[in-house]
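Peer 1: Could you have a look at this structure, given as structure tokens, before my questions?
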Amino acid sequence: MKRIVLMLDGFIQRDLLTDKAVVTIGRNAENDIQIDNPSVSGVHAKITLSPELTVEDLGSTNGTLVGGTKIAQPTTIHIGTPIAILRYLVYVLDEHKKADGSTLERTLKVGEKPA
């Protein structure tokens, strides 16, 4: 399972726990992560969670940035890499299991490097 967190100005706007292989982000309601902002494209970007962690801009007008760089093709990311869509930040976080089989989620602080 992966956790997708959408933030705006340091506040969590959406927190999604999913086992889907692909998550879409955009203004339209059918996206997994909907951003209600007219400057966000209807289907803006997609994050592939399995088998490899990548993000792809889907021809949006205002672009998608990874690590401050606008991407033009599918780009490999790591757990905790900030994905920027306008002023929104999207983070993919991992879920870990403890020794007793229960889950323990690893949450990164904004700006923290993954271990």
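Peer 1: Please determine whether any residue of the range 7-23 is at pLDDT 95 or above, in a loop (DSSP other than H, G, I, E, B), surrounded by 16 or more Cβ atoms within 10 Å (Cβ to Cβ) and touching a Pro at 6+ places or on another chain (Cβ under 9 Å).
Peer 2: Scanning the range 7-23 turns up no residue that is at pLDDT 95 or above, in a loop (DSSP other than H, G, I, E, B), surrounded by 16 or more Cβ atoms within 10 Å (Cβ to Cβ) and touching a Pro at 6+ places or on another chain (Cβ under 9 Å).
Peer 1: Within the range 98-110, can one find any residue that is surrounded by 16 or more Cβ atoms within 10 Å (Cβ to Cβ) and either in contact with a Cys (Cβ under 6 Å, 6 or more places away or on another chain) or modelled with pLDDT under 95 (or both)?
Peer 2: Keep residues of the range 98-110 that are surrounded by 16 or more Cβ atoms within 10 Å (Cβ to Cβ), which gives 108.
Now drop any that are not either in contact with a Cys (Cβ under 6 Å, 6 or more places away or on another chain) or modelled with pLDDT under 95 (or both), which leaves 108.
Yes - at least one qualifying residue is present in the range 98-110.
Peer 1: Taking the options Ile71, Ile79, Ile35, Ile85, name whichever one is surrounded by 13 or more Cβ atoms within 10 Å (Cβ to Cβ), at pLDDT below 95 and not charged (D, E, K, R).
Peer 2: Details: Ile71 fails: at pLDDT below 95; Ile35 fails: at pLDDT below 95; Ile85 fails: at pLDDT below 95.
Testing whether each residue is surrounded by 13 or more Cβ atoms within 10 Å (Cβ to Cβ), at pLDDT below 95 and not charged (D, E, K, R) leaves just Ile79.
The values are calculated or read from the model by the stated rules, or taken from the named source; none is laboratory data. Since this is a predicted model, take the numbers as computed values, not measurements. Ideal geometry is used to build each Cβ from the backbone, glycine not excepted, and the neighbour counts take in all protein chains shown.
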